[in-house]
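The values are calculated or read from the model by the stated rules, or taken from the named source; none is laboratory data. Keep in mind the model is a prediction, meaning the values are calculated, not measured. Positions of Cβ are backbone-derived with ideal geometry, glycine not excepted, and every protein chain shown enters the neighbour counts. Ligands, DNA and RNA are stripped out before the accessible areas are found, and what is left, the full protein with its side chains, is counted by its heavy atoms. Shrake-Rupley method; radii C 1.70, N 1.55, O 1.52, S 1.80 Å.
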Amino acid sequence: MTVFNFSAGPAVLPVPVLLKAQSELLNYKGSGQSVLELSHRSTLFENILQETESLLRELLQIPDNYRVLFLQGGATLQFSMLPLNLATAHQRVDFIDTGSWSQKAIQDAGAFVQTNVIASSEADHYRSIPTGPIRSDADYLHITWNNTLEGTTFTNVPQVDVPLVADFSSSILSEPIDVSQFDVIYAGAQKNLGSAGMTLVIIKDDLLQRTPDRLGSYLRYDIHAAHHSLYNTPPTYSIYLTKLVLEWIKEQGFDTVVQRNRRQAASLYAYLDQSAMFSNSVALPDRSRMNIPFSTGQTDLDQQFLQFVERHQLVNLKGHRSVGGMRASLYNAMPTAGVDALITVLQRFEQGER
Ligand SMILES: Cc1ncc(COP(=O)(O)O)c(C=O)c1O
């Protein structure tokens with residue numbers, strides 16, 4: 001059965017990537033071994049690691065003075081690693097609070113250092129990104145670039161005099177970014193980069209000197225950087241899948257992927273904005289192209305719609321339990337046919353079909 005998977009993560013992967021992984025599963029490049037079985041110290045795996053890094057550097061145009069780390073622990077471990085490694089001078093971190101993942105980052109940093117919210121869209125129920133001038137004199141400023149639950153995204157990089165750290169978990173590689181405007185970019189792999197298990201950290205190398213002496217080895221960015229992500233066993237298969245995803249992006253051209261994302265999100269928003277039944281309440285300039293929450297405004301009707309879509313092979317459209325309603329995640333691997341099918345089903349439901 002073919003379905004269109006709108007999950008927020010782990011999420012849809014490109015079919016050609018899955019087929020390539022399948023074809024290489026039992027015998028990787030004639031080695032007689034599966035990638036799953038390769039030693040992380042083998043030349044075959046070291047080549048996978050190097051190719052993954054160089055594809056990322058090429059696609060995101062990562063400057064040479066940034067290190068690329070492939071870690072474990074999800075984006076969630078970064079909520080602790082960041083303050084432990086970087087908040088060492090003032091023991092203070094500033095945040096822009098844009099919703100639930102920002103709050104989790106604030107909460108975890110608060111276990112180690114002082115946290116301070118310098119801007120928030122809470123008063124607007126997180127339906128927008130805060131605007132206006134900001135000032136920070138903390139060890140760094142943390143932002144959540146794309147807010148997976150609320151369906152908002154930053155479009156302008158905040159300008160501050162301290163290092164800028166950004167959680168790009170749900171939008172990495174969905175659009176071009178100027179890496180040089182950030183000091184740390186991090187993202188879990190399970191949305192736009194591949195499978196769960198790997199977390200990408202792109203860090204400017206001058207920050208590696210901040211790590212204090214008394215910190216366990218796995219938690220140290222400087223150790224991971226010195227060992228090129230091979231200090232301990234990295235998430236080998238997840239890194240391999242990311243390599244396949246990056247090859248898939250490169251083959252089509254990054255710009256083609258970006259334009260497709262824009263078109264697909266625009267067509268779903270266009271439908272929602274003219275609909276008399278469904279709506280999205282995010283401020284227009286701050287709408288995410290990756291995560292699009294919508295609802296009928298009535299819990300019962302939302303429930304009926306969710307049952308209706310399941311009968312049409314559209315899965316994982318239920319909104320996050322804290323937000324309710326529906327959410328369509330349109331990551332890079334969502335084909336246009338999936339968005340078209342969703343819009344058709346929305347229309348049919350709105351016309352009364354059950
Ligand atoms: C923006 C954002 N940050 C952090 C996380 C947490 O990621 P992980 O589950 O990899 O720890 C998520 C997961 O959905 C997310 O969407």
Give me a count of the residues in the range 273-311 that are aliphatic (A, V, I, L, M), closer than 18 Å to residue 6 by Cβ and surrounded by fewer than 21 Cβ atoms within 10 Å (Cβ to Cβ). 1
Among the residues of the range 13-30 satisfying the criterion of being aliphatic (A, V, I, L, M) and open to solvent by less than 90 Å² (accessible area, probe 1.4 Å), which is nearest to residue 338 (Cα to Cα)? 13
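Okay, residues lined up against (1) small (Gly, Ala, Ser); (2) within 14 Å of the ligand (Cβ to nearest atom); (3) open to solvent by 70 Å² or more (accessible area, probe 1.4 Å); (4) modelled with pLDDT under 95:
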{"position": "36", "(1), (2), (3), (4)": "no, no, yes, no"}
{"position": "43", "(1), (2), (3), (4)": "no, no, yes, no"}
{"position": "72", "(1), (2), (3), (4)": "no, yes, no, no"}
{"position": "75", "(1), (2), (3), (4)": "yes, yes, no, no"}
{"position": "110", "(1), (2), (3), (4)": "yes, no, no, no"}
Mind checking which pairs have a first residue in the range 150-167 that is within 16 Å of the ligand (Cβ to nearest atom) and assigned to a strand (DSSP E or B) and a second that is open to solvent by 10 Å² or more (accessible area, probe 1.4 Å) and among the small types (Gly, Ala, Ser), Cβ under 7 Å, 6 or more apart or different chains? 152/128; 167/75
Count of the range 236-259 residues which are open to solvent by less than 40 Å² (accessible area, probe 1.4 Å), assigned to a helix (DSSP H, G or I) and not aromatic (Phe, Trp, Tyr): 12
Report the residue count in the range 45-70 for those that are farther than 23 Å from residue 109 by Cβ and open to solvent by 60 Å² or more (accessible area, probe 1.4 Å). 9
Given (1) within 12 Å of the ligand (Cβ to nearest atom); (2) open to solvent by less than 30 Å² (accessible area, probe 1.4 Å), residue 136 misses just (1)
Test for residue 193: is it in a helix (DSSP H, G or I) and either closer than 30 Å to residue 6 by Cα or of a type in the set (A, V, I, L, M) (or both): no
When (1) within 16 Å of the ligand (Cβ to nearest atom); (2) within 22 Å of residue 9 (Cβ to Cβ); (3) part of a helix (DSSP H, G or I) are applied to residue 202, the one that fails is (3)
Enumerate the pairs (first residue in the range 118-146 and more than 21 Å from residue 279 (Cβ to Cβ); second residue anywhere and open to solvent by 80 Å² or more (accessible area, probe 1.4 Å) and among the hydroxyl-bearing types (Ser, Thr, Tyr)) with beta-carbon separation below 9 Å, excluding pairs fewer than 6 apart on the same chain, so at least 6 apart or on different chains. 119/131
Residue check, residue 210 against (1) touching a strand residue (DSSP E or B) at 6+ places or on another chain (Cβ under 6 Å); (2) more than 12 Å from the ligand (Cβ to nearest atom), all met but one. Which one? (1)
